[in-house]
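*Asks:* Can you read through this structure? Questions will come right after.
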Amino acid sequence: MRRTLIAGNWKMNGSLASINELMNGIKSGLSDVTNADMAVCPPAVYIPAVRELIGDAHIGLGSQNVCDQASGAFTGELAASMLKEFDCQYAIIGHSERRSLYGESDELVARRFAMAVESGLIPLFCIGETLEERESGVTEDVVSRQIDAVINTQGVEAIAKCVIAYEPVWAIGTGKTASPEQAQAVHAYIRGKLAALNAEVAEKVQILYGGSMNAGNAAELLSQPDIDGGLIGGASLKPEDFLAIGKSA
Ligand code: PEP
């Protein structure tokens, strides 16, 4: 049985004051979230503060990216070993904003994935098609290509060490959500593709949905058989909304 994971991607939002309020808000309602694990991925500079704020609460901690190299002359990057020192368990890898705004290729994303796994971080591995790709009918080809970049370099077994986040690019931050049927269809395709290679990996891997998931649409999305949680952007910045998503699992 796969656990449900609700992970918040704060992106480049917040301040020392607001993260205090946000974390205290999340912690105060956490006992009502009984069927999901919760995690937050703050901007890197706030990771130490958020770790302190988490204390012994059952909230996972993640970064929004990780370098594909162990250490050295890589200005602006964060080493997996550094993130581990601050008790990060997760690292978002291949978010569409990284791919589209900062030119991260499938190959670079796969290398970041490898470094995360090698260092004991769980990649929150983001994949998904643009609107143009969906309208041209190539959604499955796109997600397949993005997953193959990892499978072809690290084997299908590596997928069991990550959490996949299917995030249709046209639904991220736009208020447009994939319908439960649209999302389930892609999740089932992904699981089917993996099952053809390794049934155990396919059964085990959590596949989250991301793209304008909120307190109002979460229950229906999360009730789909192949949707194992959510990667939440905007709604993760409001404790009551983030908790409501967790409670709807
Ligand atoms: C995201 O960026 O991962 C995301 C899902 O954002 P939003 O929920 O705001 O669409």
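Quick note: the coordinates plus some simple rules give every number you see, no bench work behind them. Only a predicted model underlies this, so the values are computations on that prediction, with no experimental measurement involved. Neighbour counts are summed over all protein chains in view; Cβ atoms, including those assigned to glycine, are modelled from backbone coordinates with ideal geometry.
*Asks:* If you build a Gaussian network model of the chain, linking Cα atoms that sit under 10 Å apart, which residue out of Ala80, Ala149, Ala165 swings the most?
*Replies:* Ala149
*Asks:* Tell me the Rg and the Dmax, in Å, that the Cα atoms of region 11-247 produce.
*Replies:* Rg then Dmax for region 11-247, in Å: 16.9, 48.
*Asks:* Now, a different point. Just to check I understand the Karplus step: with θ = phi - 60° and J = 6.51 cos²θ - 1.76 cosθ + 1.60, what whole-Hz values come out for region 61-70, glycine and proline as x?
*Replies:* My calculation for region 61-70 gives 10, x, 9, 9, 5, 7, 5, 7, 10, 6 Hz in order.
*Asks:* What residues from region 148-190 fall in the zone where the backbone N is under 14 Å from a label point 7 Å along the Cα-to-C-beta line of Ser105?
*Replies:* Flagged as within label range: 149-150.
*Asks:* Could you give the length gained by full extension between Ser15 and Leu30, i.e. 0.36 nm per residue of separation minus their alpha carbon distance, to one decimal place? Don't skip to the end; give the middle numbers.
*Replies:* Values: separation 15, 0.36 × 15 = 5.40 nm, distance 2.20 nm.
Gain on extension, Ser15 to Leu30, equals 3.2 nm.
*Asks:* Same structure, new question: Under 8 Å for C-alpha pairs, at least 6 residues apart: give me the relative contact order for the chain, rounded to a whole percent.
*Replies:* Numbers: 481 pairs, mean separation 55.9, N = 249.
Relative contact order, the chain: 22 percent.
*Asks:* What residue among Gly14, Gly175, Gly76 shows peak mean-square fluctuation when the chain is described by a Gaussian network model with Cα springs under 10 Å?
*Replies:* Gly76
*Asks:* Okay, next question. In terms of Cα to Cα distance under 28 Å, which lysines are near enough to Lys176, apart from those fewer than 8 places away along the same chain?
*Replies:* Lys11, Lys193, Lys238, Lys247
*Asks:* Within a 10 angstrom radius of the beta carbon, how do Thr139, Thr34, Thr174 rank from fewest other beta carbons to most? Display every interim value, and only then the final one.
*Replies:* Numbers: Thr139 20, Thr34 9, Thr174 13.
Ascending Cβ contact count within 10 Å gives the list Thr34, Thr174, Thr139.
*Asks:* About its Cα centre, what dipole magnitude does the chain give when the only charges are +1 on Lys and Arg Cβ and -1 on Asp and Glu Cβ, stated in debye to the nearest 20? Please report the intermediate quantities before stating the final value.
*Replies:* Working: 19 positive and 31 negative charges, 63 e Å.
For the chain, the charge dipole is close to 300 debye.
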